[in-house]
Structures are given as structure tokens and as C-alpha cells.
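Here's the structure we're looking at; comments come further down.
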Amino acid sequence: MVEDDPAVSEPLLAGLQRNGIETEHVAYASHVVAAASGVDVVLLDLGLPDGDGLDVLRELRRVSDVPVIIATARGDETDRIVGLEIGADDYVVKPYSVRELAARIRAIARRRRVDAPLASGRVVVDRNRHRVSVDGREVELTAKEFDLLAVLAEEPGRAVTRQELFSRVWDPVWIGTGKTLDVHVASLRRKLGDPSLIETVRGVGYRLAVDDA
Ligand code: CA
């Protein structure tokens, strides 16, 4: 996140974290290129204290094809068109909702990663071909089981909250007892053939076991 206004960056950092998106924050144009190395998505403010975000984007594009979402109060069409023409992937105008932004970040990250199978060692999730295998053996899953496993497999070892699983696999505003989730996890564990592959994190949610085997 490139943002110089703490009144924007602080709630946004908290909000993205709540949505399961790990975020690093810089406030100056001159820090962007170095900070962008190794990240999945750059969220770029245009009005920065030491430069213009559009110049930052030009500079970044010379060295990197990391996806960029421009986030700015400047909603006029010229900025938007210039931003997209010089290589931004998406554009949000302030004020925007954290939830919408999180969805856009995920959509962009997903588009980029869709060809790369996710693997935790024993479990491989190929989202492109919609296939899952455990120890090289293919496993048949329902669509919801597949989506659930794909979310867990994005980052093996990360405890994914029940709330995040609900909102990403079922409905962003789903409210219920949570039984649906537990039933799907139980079924998924059975089909994967080894219940320990999906660990329960008490009071939090679930995570895919990291396995070196
Ligand atoms: Ca600004």
C-alpha cells in the first residue's frame, strides 16, 4: 500500500488484515519501486508528498510487471485513462469500501496465479484445470470443497478464519451457525484420505498443514 495520509492508511491496513490480506505500507513515491519487489499487488495512491503516483507507475513499469491498483481521490476520467494506459491493472476512486478493494485485490492476484498450481507438499490444487491430488493421486471434490481447499492452499500453514472461509466460499454476508463449513471440512478431510492435512485452529478456523514429505 502506497498512501501518505494516515487517516486513510490506518483503517485500510486494519481492514485488509481483517480480510486476510497481508499488507506492507509506504508513504513516499521514492520508496515504491524497492518495496514493490516480491509483492502480489501494489495499491497506489496518486497524490504523494514527494511525487506523482503516475510517474511512480511509469518508473515501476520499467522494472516490474507487478499488478497495480490505483487508489485515489482523483476520479476524473483523464487520470483514470492515463493510469490504465501506462499499465495500471485496475482503478478505485476514494472513498471505496475495504471489502470491495479486498475483492479486487484477490481478483487480480487470482488472475495472475491461476496457471500456477498451489501445493503444500502432499496436496496439489490446480485451479486452472480444477484438479486436486494428494500424494500424486487425483481426488474428486464437489465445487464447494474445491473452493474451500483452494483458499486454504493459497498459503499453507496460514490459519484462515471461519469468517474469511465463509465470505470467500459461500457468501460475503453469510450469517449462520457455521455448520455448513464444518460439514464441508469433514467431507474434504475424508476425501483427501488423511484428516491431519486440514488442521483445526481452535477459536480461529482452519489451515492446510505444511508438509515437507
Ligand atoms: Ca495522497
TODO: Might you let me know whether the range 123-143 holds any residue that is modelled with pLDDT of 90 or more and in the same structural domain as L13 (by TED's automatic domain parsing)?
DONE: no
TODO: Run I198 past the list (1) in contact with a Phe, Trp or Tyr (Cβ under 9 Å, 6 or more places away or on another chain); (2) at pLDDT below 90; (3) under 24 Å from A109 (Cβ atoms) and report the number of the one that doesn't hold.
DONE: (2)
TODO: Answer yes if at least one residue in the range 67-77 is acidic (D, E), more than 12 Å from the ligand (Cβ to nearest atom) and at pLDDT 90 or above, and no otherwise.
DONE: no
Task: Residues of the range 14-35 that turn out to be within 15 Å of the ligand (Cβ to nearest atom), surrounded by 18 or more Cβ atoms within 10 Å (Cβ to Cβ) and part of a helix (DSSP H, G or I), as a count - done: 2
- [ ] Take the range 36-58 and flag every residue that is within 13 Å of the ligand (Cβ to nearest atom), outside any strand (DSSP E or B) and within 27 Å of R168 (Cβ to Cβ).
- [x] D45
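The values are calculated or read from the model by the stated rules, or taken from the named source; none is laboratory data. This is a predicted model, so every value here is computed, not measured. For neighbour counting, all protein chains shown are included, and Cβ atoms are generated from backbone atoms with ideal geometry for every residue, glycine included.
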